[in-house]
Amino acid sequence: MTDWIKLSATLLFCIGLIIQTIAVATSEHEDEEYYLALGGRAYDNWMNLIDKKERKQRGLSIQEFHHNHPLYPAAGKKRGLTTWRCKECHGWDYLGNQGAYGSGSHYTGIKGIRDMQGASLDSIAAIIRGDSHGYDQRMIDDGTLSALALFISRGQVDMNAYIDRDTGKAKGTPGKGKPLYNSLCAICHGTKGRKINFKTFNKPEFVGTVANRNPWEVLHKIRNGHPGEQMISVLALNIQQQVDILRYSQELPKQ
């Protein structure tokens, strides 16, 4: 009986340790979806996450980015602030020179971030803060940095699994995407995707335009939202539902 009591006590102690470990792990990643999406928006355009008042408080001016990012190649075709965006070198598909940015006006020859999937958050943050990348706290504060590192480590998806590389067609079902689009997206973009013109009157650009021209960008924004705007993240949906929204968006008018 004494041995049984000792064994029971040992088991209870071990169970307690397991429960404590689970609790710590849960609290460490509390609200993970929120921070994954925030990190995705920072990857898109970290500057747009900072409003004018906050920029002034940080002593941060857009004008100081008239020069290209130090790692941006001289042969690249972009200039100024846009070269400081993560996506500009590493791509909307996270594949860099092996993906959609392997040619064309966004080509840099720089590799993507797929190899960083699963990497420790500290190691990713150290690279972003390091001398080569050079993003200081005025640019990306510690909270946003943690979110960006989380996104790079755990928020990427294999775009080639969901978007045909050759045709650009999303591997989804328009009929399944339509009710999701109409209930989540149409309130801002309209049922035809033409309520917001992203460009000009003479050269309009709508949801259908971008979804066909750059489906990788649209899937990224479907998942994470748009920096500086009231566009929701739909990470609560599974990835196939997100792809269905993209596929339906490709059926919307381009003009």
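The values are calculated or read from the model by the stated rules, or taken from the named source; none is laboratory data. As the structure is a computational prediction, the values presented were derived from the model and not from experiment. Neighbour counts are summed over all protein chains in view; Cβ atoms, including those assigned to glycine, are modelled from backbone coordinates with ideal geometry.
Of the numbered criteria (1) farther than 24 Å from GLU32 by Cα; (2) surrounded by fewer than 22 Cβ atoms within 10 Å (Cβ to Cβ); (3) touching a residue at least 12 places away in the same chain (Cβ under 8 Å); (4) not small (Gly, Ala, Ser), the one GLN240 fails is (1).
Could you tell me whether any residue of region 133-155 is within 30 Å of LEU252 (Cβ to Cβ) and modelled with pLDDT of 95 or more? Can you show your working first?
Here is the first cut: in region 133-155, the ones within 30 Å of LEU252 (Cβ to Cβ) are 151, 155.
Now restrict to residues that are modelled with pLDDT of 95 or more: 151, 155.
Yes, some residue in region 133-155 is within 30 Å of LEU252 (Cβ to Cβ) and modelled with pLDDT of 95 or more.
Filtered by the rule that a residue be surrounded by fewer than 14 Cβ atoms within 10 Å (Cβ to Cβ) and among the hydroxyl-bearing types (Ser, Thr, Tyr), region 57-97 gives a lone residue, SER61.
Looking at ALA100, ALA42, ALA37 in this structure, which one is surrounded by 10 or more Cβ atoms within 10 Å (Cβ to Cβ), of a type in the set (Gly, Ala, Ser), in contact with an Asp or Glu (Cβ under 6 Å, 6 or more places away or on another chain) and modelled with pLDDT of 95 or more? Give the steps one after another, and end with the answer.
Details: ALA42 fails: in contact with an Asp or Glu (Cβ under 6 Å, 6 or more places away or on another chain); ALA37 fails: in contact with an Asp or Glu (Cβ under 6 Å, 6 or more places away or on another chain).
Answer to the check: ALA100.
Candidates are the residues of region 110-133 that are touching a helix residue (DSSP H, G or I) at 6+ places or on another chain (Cβ under 9 Å) and in a loop (DSSP other than H, G, I, E, B); the one that is surrounded by the most Cβ atoms within 10 Å (Cβ to Cβ) is ILE113. For region 183-195, the set of residues classified as surrounded by 14 or more Cβ atoms within 10 Å (Cβ to Cβ), among the aliphatic types (A, V, I, L, M) and under 12 Å from MET231 (Cβ atoms) consists of LEU184 only.
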